[in-house]
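What follows is one structure encoded as structure tokens, with my remarks underneath.
The values are calculated or read from the model by the stated rules, or taken from the named source; none is laboratory data. Small disclaimer: the values here were computed from a predicted structure and weren't measured. All Cβ positions, even for glycine, are placed from backbone atoms using ideal geometry, and neighbour counts span all protein chains on display. Calculation scope for accessible area: heavy atoms of the full protein, side chains included, ligands and nucleic acids excluded. Shrake-Rupley method; radii C 1.70, N 1.55, O 1.52, S 1.80 Å.
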Amino acid sequence: MQDKKRKRVAIIFGGCSPEYGVSLQSAYAVIAHLDREKYESVLVGISAEGRWYEFHGKEERIAEDTWCNEEDCIPAAVSPDRVGGGLLLFKDGKVEKKEIDAAFPILHGSNGEDGTVQGMFELAGIPVVGCGTLASALCMDKDRAHRLVSLEGIRTPGSFVIERDADRAQTLQRAEALGYPLFVKPVKAGSSYGITRVTEAEGLPEAIEAALAYDRRVIIEEEIVGFEVGCAVMERNGLVIGEVDEIELSGDFFDFDEKYTLKSSVIHVPARIGREKAKEVKQAAAVIYRALDCRGFARVDMFLTGEGEIVFNEVNTIPGFTAHSRFPNMMKAAGVSFGEILDAVMDGVSDR
């Protein structure tokens, strides 16, 4: 029987995505910091193949990626029925229903951060912690996110989008007009998967193929000369914005290995910029957050040029919560603990 004093929250982890492993680490951190007197966790794992399970084993097995086994897992699904729906468990030839008060997807990339899972829970009438379907879909789409943000008067990188059947000669011409070096990215992907920095025309075809491995659409984007800054944004009686951080690169860009190991790059919190410029970056983050219909929490990434101009990069609607993750560290620098972040985003669900 559910403890009515506690909110029952389904924490969704794993996922049919290249970022499956990152999700496991983020989810484990969230589970470890959740206030167990306020919340009852229902752990729902999605295998790399896309199978859903309720997980009952030791939480450490999530971080170790040994969670998906017959002993610890019960096959599960989400009922789309808005009346009396919830989590469906399939065991011993029967179907059992478990009511949940909210769903907290801790999924990165496709099939989880892109609005698909959010839409399923919203269809079922189950509140979602964090951004909803529209914001999740918009922020995953780099091209459309840039178009909307540019309408707010914030600069975005020059770019164009192609699909697999695009004319290669025309693509080369457009890239030449944009100027090298440039970046080739999947329109919808995270954690720098499929991204290549291209310095000359000869490298463009291979970079396009690498991006097409992750999405049917590819964005070719000018390189912004400067450095990347970011803002952690969450809602708690209005917007709370963490200290601006700064990525000091050792290589060409902040690729997957650097994001999750920081072997040679350094993240400075707070960023090594003046107080007024930091204020300006935070104001831009708030504008971007609202323009893309974000809610709950998100991380807004931007570039700062040598002339001090702010250029929008992207929004992560489910930012990482690993030991190296930027979101909790930016909030920590602003005096907001990991537990306080979780309390705020959980409480915010009931305010909608």
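A few remarks follow.
- With respect to the conditions (1) more than 17 Å from Asp343 (Cβ to Cβ); (2) open to solvent by 10 Å² or more (accessible area, probe 1.4 Å); (3) without any contact (Cβ under 8 Å) to a residue 60 or more places away in the chain; (4) not charged (D, E, K, R), Leu24 lacks only one, and its number is (2).
- If you go through region 10-30 and keep only what is within 18 Å of Ser192 (Cα to Cα) and of a type in the set (Val, Ile, Thr), you end up with just Val22.
- Residues that are hydroxyl-bearing (Ser, Thr, Tyr) and surrounded by fewer than 20 Cβ atoms within 10 Å (Cβ to Cβ), drawn from region 28-38: none
- Count of residues meeting criterion [part of a loop (DSSP other than H, G, I, E, B), under 26 Å from Arg290 (Cβ atoms), touching a helix residue (DSSP H, G or I) at 6+ places or on another chain (Cβ under 9 Å) and at pLDDT below 95] in region 238-269: 0
- Search result, residues across region 170-189 that are under 13 Å from Ile208 (Cα atoms) and aliphatic (A, V, I, L, M): Leu172, Ala175, Leu182, Val184, Val187
- Of residues in region 161-195 being modelled with pLDDT under 95 and of a type in the set (Ser, Thr, Tyr), the one farthest from Val315 (Cα to Cα): Tyr193
- Being basic (Lys, Arg), at pLDDT below 95 and over 24 Å from Val349 (Cα atoms) is true of Lys91.
- In region 59-69, the qualifying residues are those that are open to solvent by 20 Å² or more (accessible area, probe 1.4 Å) and of a type outside the set (A, V, I, L, M), and the one that is farthest from Met346 (Cα to Cα) is Asn69.
- Gly296 being modelled with pLDDT of 95 or more, at positive phi and not aliphatic (A, V, I, L, M): yes
- A single member of Pro18, Pro80 is part of a loop (DSSP other than H, G, I, E, B), modelled with pLDDT under 95 and open to solvent by less than 70 Å² (accessible area, probe 1.4 Å), and it is Pro18.
Yes/no per residue for (1) part of a helix (DSSP H, G or I); (2) farther than 17 Å from Asp347 by Cβ; (3) more than 23 Å from the chain's Cα centre (by Cα):
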| residue | (1), (2), (3) |
| --- | --- |
| Ile12 | no, yes, no |
| Val22 | yes, yes, no |
| Ala32 | yes, yes, no |
| Glu37 | no, no, yes |
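- Positions within region 32-53 being in contact with an Asp or Glu (Cβ under 8 Å, 6 or more places away or on another chain) and of a type in the set (Val, Ile, Thr), in sequence order: Val42, Val44
- The set of residues in region 285-303 that are open to solvent by less than 10 Å² (accessible area, probe 1.4 Å) and either assigned to a helix (DSSP H, G or I) or hydrophobic (A, V, I, L, M, F, W, C) (or both) comprises Ala285, Ile288, Tyr289, Leu292, Phe297, Ala298, Val300, Met302.
- Only listed residue being over 22 Å from the mean Cα position of the chain (by Cα), touching a residue at least 12 places away in the same chain (Cβ under 8 Å) and within 18 Å of Arg168 (Cα to Cα), chosen from Leu204, Leu212: Leu204
- Here Gly230 clears all of (1) surrounded by fewer than 21 Cβ atoms within 10 Å (Cβ to Cβ); (2) assigned to a strand (DSSP E or B); (3) small (Gly, Ala, Ser) except the condition numbered (1).
Condition check ((1) part of a strand (DSSP E or B); (2) surrounded by fewer than 19 Cβ atoms within 10 Å (Cβ to Cβ); (3) at pLDDT 95 or above; (4) under 23 Å from the mean Cα position of the chain (by Cα)) across all residues:
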site: Gly57; (1), (2), (3), (4): no, yes, yes, no
site: Glu71; (1), (2), (3), (4): no, yes, yes, no
site: Gly85; (1), (2), (3), (4): no, yes, no, no
site: Phe104; (1), (2), (3), (4): yes, no, yes, yes
site: His108; (1), (2), (3), (4): no, no, no, yes
site: Asn111; (1), (2), (3), (4): no, yes, no, yes
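- Matching residues, region 122-159, being of a type in the set (Val, Ile, Thr), part of a helix (DSSP H, G or I) and open to solvent by 20 Å² or more (accessible area, probe 1.4 Å): Thr133
- Residue selected from region 39-55 under the condition of a type in the set (Asp, Glu) and open to solvent by 20 Å² or more (accessible area, probe 1.4 Å), by the criterion nearest to the chain's Cα centre (by Cα): Glu49
- Of the residues Glu176, Glu202, the single one that is out of contact with any helix residue (DSSP H, G or I) (no Cβ under 9 Å at 6 or more places or on another chain), among the charged types (D, E, K, R) and part of a helix (DSSP H, G or I) is Glu202.
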